[in-house]
Structure formats: structure tokens, C-alpha cells
Amino acid sequence: MQASDTLVIPAPLVRAGPEPRPTLCGEHRKRLLAIMTALDEQDYDFVTPTPATHRRVVTRPGRQLAECLVDVLGWSLPTAAGMLEPGIESALLDAGLLIRRTDGLLKPLLRASRVQTQLFLHSAYPTHASNSVFLGPDSLRFSLLINANLPDELETILDYGAGAGVGGILAARQAPGAVLTIADINPKALFLASVNADHAGVEHRTIAANRPADVGGSTDLMVTHPPFLIDRQQRTYRDGGDLYGARLSLEWALAGAKLLNPGGRFIMHTGVSIVHGHDVLLGALEEQLPKEWSLDYHELDSDIFGDELDTPAYAEADRIAAVAVIIDRGSI
């Protein structure tokens with residue numbers, strides 16, 4: 001069902017987490033939450049495609065300007081002032097989802113996308129900025145991986161490198177009573193993930209962390225979806241380091257295993273280059289993961305981001321595969 005452009009903004013509903021929220025940006029948070037609630041009530045629906053698909057769609061003839069709310073908050077198309085219903089336009093401007101360009105058009109700064117049944121805010125297309133908060137088709141695959149492997153009993157969940165918070169939030173919604181920790185190096189990601197968690201009714205705390213060890217303590221479940229591509233611009237949300245982009249995946253898996261409580265589980269969705277038939281991540285994990293932790297490693301999709309193979313960095317790669325990495329710590 002396509003969202004109506006008759007959007008009523010309700011009184012803000014803010015769900016408190018286990019720790020007080022900073023007062024800075026408090027009004028911004030309330031406005032974003034009010035808009036998310038209104039979008040849900042009006043059956044707004046948009047599923048984010050890959051950047052390549054997004055580019056193809058918005059460059060079609062006649063797609064230069066938005067004609068409806070999904071064009072603005074989904075496809076990130078600019079809109080002429082007055083095209084949207086006045087109440088919508090005013091609310092989006094007040095919440096910072098739209099800004100006025102020098103040419104008078106209104107430009108969206110965020111997208112609102114659905115993963116499974118839950119709405120998430122994340123950066124508008126194109127995500128060129130180094131602090132972009134990325135959400136894409138991988139996020140659905142990640143959430144389904146978590147659904148299929150969620151332990152029966154959880155008290156604590158850590159979403160490390162959380163981005164928009166998809167993995168941790170959807171895991172926490174299935175584990176009533178569990179406390180979610182959202183950790184990321186990017187302050188913008190922490191803010192948006194926290195807003196997304198509030199909208200989902202998930203109790204949580206946020207931690208700025210440069211590496212998993214910075215989080216401190218231990219957890220029953222750690223979920224993570226690290227950057228896994230070779231990125232010449234070294235954007236934080238995209239660049240996975242060396243090992244054909246798998247360096248962060250390896251480091252986070254090894255560090256995350258050490259954060260698990262006895263009986264705990266680590267779930268990672270990532271991408272890996274297959275180079276001359278060799279999986280560069282699997283071999284490293286099998287060699288470096290301590291034997292007391294068990295490893296379940298399998299492909300989820302044999303061929304993703306195929307357009308990357310046209311770049312010099314992937315000249316030796318056969319393909320990029322989406323993989324699941326599940327590590328269990330014994331109960332002793």
C-alpha cells in the first residue's frame with residue numbers, strides 16, 4: 001500500500017531507555033520519533049535497494065523531482081516547495097529531514113526504510129559522506145540470519161558497528177527483557193540507531209567505540225555487520241581494510257568471541273572476496289580462532305556487489321559472496 005501524502009504528525013512518543021538521554025538534540029529526537037510514528041500510521045513503505053539499483057531508478061527520464069512522499073523519504077529525490085502537503089513539508093523541515101537548497105528545491109537528508117516490519121532512519125542516497133549511516137538489502141539478509149540463529153534465552157545483546165541498528169533492534173524485539181547495547185565509531189550512527197530503537201520500543205544504551213574491546217564487559221549475544229568492501233575513499237561505513245575488504249570482519253570476529261559470556265553466541269553477516277577459488281576470510285578464521293570456540297561458516301548469497309569487480313582493486317577476485325559467521329562459546 002502506498003503511503004498517503006495526508007500525514008498527521010501526532011504528539012511525540014519517547015520511550016525511555018535504561019539510561020537518561022542527553023538533553024542535546026532532545027527536540028530533534030522528538031520530532032523524528034513523531035514523524036516515524038506518523039509514517040507507520042499512514043502505511044508508508046519503502047525497501048532500500050542496492051546503490052546500483054537506486055541509481056538506475058532515479059536516473060530514469062522523468063524521475064528528477066519527487067512526486068510523492070516515498071520519492072522524497074525513500075528515493076531521496078528533491079522536491080519543489082509546496083509539492084507536499086503543507087503539514088508534511090513543515091514537519092520534515094523542522095525535523096531536519098529536508099533542507100532548502102540554494103535553487104529553492106527541498107533536499108532530503110535521511111531515508112526511512114523498512115526491514116521486515118520495522119521502520120529505520122538512515123542516510124539519504126547517495127551515501128558519499130564518510131559518516132553516512134548505511135542500510136541496504138544486506139540488512140534484510142542480516143536480520144533473517146539473526147532470526148534463524150537467535151538463542152532461546154538472552155539478558156544482554158551487543159550490536160557492534162551498529163549503523164542504523166537493524167541487527168540489534170530486531171534481535172531485541174524477539175528477546176523481551178534483554179538489554180541492548182548499541183556501539184559504533186560514528187556519532188551520527190549512534191544517534192539514528194538510538195532513535196530507531198526508541199521507535200521500536202527497545203530499551204538500549206549507546207557507546208562510542210573504536211573497537212569491540214572498547215565496549216567493556218561481556219554479552220550473551222553479539223551481532224555485527226562490518227564494512228567489507230575495498231573503498232578508495234576509506235569511508236567508515238564501507239571500507240573493510242585489507243584481505244580484499246575482510247580485515248575488519250576477521251578482527252571483529254576474533255575480538256567479539258572474547259566478549260561472549262559462557263554459552264554466548266556471535267552472529268556476523270559480512271561479505272568476502274573469493275580469489276582464485278579461495279575464501280580469504282574462512283582460512284584466516286580457521287587458523288586464528290581458539291579451538292574452544294565453535295565456528296559455523298556458510299555462504300548466504302554466492303554473488304553480491306558484482307559491479308565492484310569492474311574496479312582495479314578486485315582484478316583478481318572471482319566474486320564477492322555474502323557469508324554467515326556464527327561463533328559459539330562453550331558453557332564452561
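The values are calculated or read from the model by the stated rules, or taken from the named source; none is laboratory data. Being a predicted model, the structure only gives us computed values, none of them experimental. In this analysis, Cβ positions are derived from the backbone assuming ideal geometry, glycine residues included, and neighbour counts consider all displayed protein chains. These accessible areas exclude ligands, DNA and RNA; they are computed on the full protein's heavy atoms, side chains included. Shrake-Rupley method; radii C 1.70, N 1.55, O 1.52, S 1.80 Å.
Since TRP75 meets every condition but one in (1) touching a residue at least 40 places away in the same chain (Cβ under 8 Å); (2) in a helix (DSSP H, G or I), which condition does it not meet?
Condition (2) is where TRP75 drops out.
Here are the criteria: (1) surrounded by fewer than 19 Cβ atoms within 10 Å (Cβ to Cβ); (2) at positive phi. Tell me which single one PHE305 does not satisfy.
(1)
Would you mind finding the one in THR236, THR224, THR219 that is open to solvent by 50 Å² or more (accessible area, probe 1.4 Å), under 18 Å from ILE182 (Cα atoms) and in contact (Cβ under 8 Å) with a residue 40 or more places away in the chain? Even if it seems obvious, please write down each step before you answer.
Numbers: THR224 fails: open to solvent by 50 Å² or more (accessible area, probe 1.4 Å); THR219 fails: open to solvent by 50 Å² or more (accessible area, probe 1.4 Å).
THR236 is the lone residue from the list that is open to solvent by 50 Å² or more (accessible area, probe 1.4 Å), under 18 Å from ILE182 (Cα atoms) and in contact (Cβ under 8 Å) with a residue 40 or more places away in the chain.
Give me a count of the residues in segment 177-192 that are open to solvent by 10 Å² or more (accessible area, probe 1.4 Å) and either touching a Pro at 6+ places or on another chain (Cβ under 9 Å) or of a type in the set (D, E, K, R) (or both).
3
(1) β-branched (Val, Ile, Thr); (2) outside any loop (DSSP other than H, G, I, E, B); (3) open to solvent by 10 Å² or more (accessible area, probe 1.4 Å): which one isn't true of VAL195, the others all being true?
The number of the failed condition is (3).
Name the one entry in GLU316, GLU299, GLU308 that is of a type in the set (Asp, Glu), closer than 25 Å to THR50 by Cα and at pLDDT 95 or above. Before the answer, list the steps.
On the way: GLU316 fails: at pLDDT 95 or above; GLU308 fails: at pLDDT 95 or above.
That would be GLU299, the only listed residue that is of a type in the set (Asp, Glu), closer than 25 Å to THR50 by Cα and at pLDDT 95 or above.
Name every residue in segment 50-72 that is assigned to a loop (DSSP other than H, G, I, E, B), surrounded by 13 or more Cβ atoms within 10 Å (Cβ to Cβ) and of a type outside the set (Val, Ile, Thr), in order of residue number.
If the condition is that a residue be assigned to a loop (DSSP other than H, G, I, E, B), surrounded by 13 or more Cβ atoms within 10 Å (Cβ to Cβ) and of a type outside the set (Val, Ile, Thr), then ARG63, LEU65, ALA66, GLU67, CYS68 are the ones that fit.
Could you count how many residues in segment 198-215 are open to solvent by 40 Å² or more (accessible area, probe 1.4 Å), farther than 20 Å from ARG173 by Cβ and not in a helix (DSSP H, G or I)? Spell out how you get there, then give the answer.
Quick first cut of segment 198-215, residues open to solvent by 40 Å² or more (accessible area, probe 1.4 Å) only: 201, 203, 205-206, 208, 210-211, 213-214.
From what's left, farther than 20 Å from ARG173 by Cβ: 208, 210-211, 213-214.
Those still in the list that are not in a helix (DSSP H, G or I) too: 208, 210-211.
Total meeting the criteria: 3.
Filter segment 308-317 for residues that are of a type in the set (Gly, Ala, Ser) and surrounded by 13 or more Cβ atoms within 10 Å (Cβ to Cβ) and give the result. Full working, then the answer.
Taking segment 308-317 first, the residues of a type in the set (Gly, Ala, Ser) are 313, 315, 317.
Once the filter is applied, which keeps residues that are of a type in the set (Gly, Ala, Ser) and surrounded by 13 or more Cβ atoms within 10 Å (Cβ to Cβ), segment 308-317 yields ALA313, ALA317.
Residue by residue through segment 256-283, note down the ones that are surrounded by fewer than 18 Cβ atoms within 10 Å (Cβ to Cβ) and among the small types (Gly, Ala, Ser).
Within segment 256-283, GLY263, GLY277, GLY283 qualify.
Go through the residues of segment 220-241 one by one and say whether even a single one is small (Gly, Ala, Ser), on the phi < 0 side of the Ramachandran plot and out of contact with any helix residue (DSSP H, G or I) (no Cβ under 8 Å at 6 or more places or on another chain).
Within segment 220-241, the subset small (Gly, Ala, Ser) is 240-241.
From the residues that got through so far, the ones that are on the phi < 0 side of the Ramachandran plot too are 240.
Next, only the ones that are out of contact with any helix residue (DSSP H, G or I) (no Cβ under 8 Å at 6 or more places or on another chain) stay: none.
There is no residue in segment 220-241 that is small (Gly, Ala, Ser), on the phi < 0 side of the Ramachandran plot and out of contact with any helix residue (DSSP H, G or I) (no Cβ under 8 Å at 6 or more places or on another chain).
Examine segment 12-31 for a residue that is open to solvent by 60 Å² or more (accessible area, probe 1.4 Å), modelled with pLDDT under 95, in a helix (DSSP H, G or I) and of a type in the set (Asp, Glu), and state whether such a residue exists.
Checking segment 12-31: at least one residue is open to solvent by 60 Å² or more (accessible area, probe 1.4 Å), modelled with pLDDT under 95, in a helix (DSSP H, G or I) and of a type in the set (Asp, Glu).
I need the full set of residues from segment 237-262 which are in a strand (DSSP E or B) and either of a type in the set (Val, Ile, Thr) or within 12 Å of ILE327 (Cβ to Cβ) (or both), in order please. Show your work before the answer.
Applying the first criterion (in a strand (DSSP E or B)) to segment 237-262 yields 239, 260-262.
Residue satisfying the conditions is LEU260 alone.
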